[in-house]
1. Collect the residues in the stretch 70-89 that are exposed (fewer than 11 other Cβ atoms within 10 Å of the Cβ) and among the polar types (S, T, N, Q), keeping them in residue-number order.
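The values are calculated or read from the model by the stated rules, or taken from the named source; none is laboratory data. These numbers were taken from a predicted model, which means no experiment stands behind them. All Cβ positions, glycine included, derive from the backbone under ideal geometry; neighbour counts span all protein chains shown.
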Amino acid sequence: MAGAKGKYQEKAPIILDLLSQGYSNKDAAERAGINEHTFYEWLATKPAFSQSVKEAQRLGDKVRINSVESALLDVARGFEYEEVKTEYESKLNDKTGQYEPTIKKQVRTKKRVIPSTEAIKFYLSNKAPEEWKNRIEQNNTGNLVTDLQIRHVSQSPDDTTFPSSEAEVDTNR
């Protein structure tokens, strides 16, 4: 049993670190060198480990959320990347007598992804809903009421934000 305790003391900190980086329970256990069953056994029998796992998972969730939010912002803003096209040819290696692939030609192209209107709408409507809302509601009279806020950016100081408008539409047509 002493070996099992040493294994726990050695592997638990590794698992907690991996969980806090955003790894799943299964992946953290595998990377730490234990099987998933052992992980869940420790979770059930070691209250301090269970509590530490919950905290590490909360940190991991934040890491994943930040990563996804960053990717969403990239799509909303647009981004550049480099595309690499490589053409290979086979050449005979004199030492081994075998054909080996070698690079014949490599072309690097800078590409630009334009900003996504949908990503912009999604981000703003979720991060600043009171300023950027686009809602359609149906009231209890059966009439459709829309509330669309339009923000106007102007160069002159007298122009201000347009007031939000409500329009009633006859839905019985």
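1. Hit for the stretch 70-89 is 70, nothing else.
Conditions (1) modelled with pLDDT of 95 or more; (2) in contact with a Leu (Cβ under 8 Å, 6 or more places away or on another chain); (3) β-branched (Val, Ile, Thr), marked per residue:
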| residue | (1), (2), (3) |
| --- | --- |
| 1 | no, no, no |
| 5 | no, no, no |
| 10 | yes, no, no |
| 20 | yes, yes, no |
| 26 | yes, no, no |
| 30 | yes, no, no |
| 44 | yes, no, no |
| 49 | yes, yes, no |
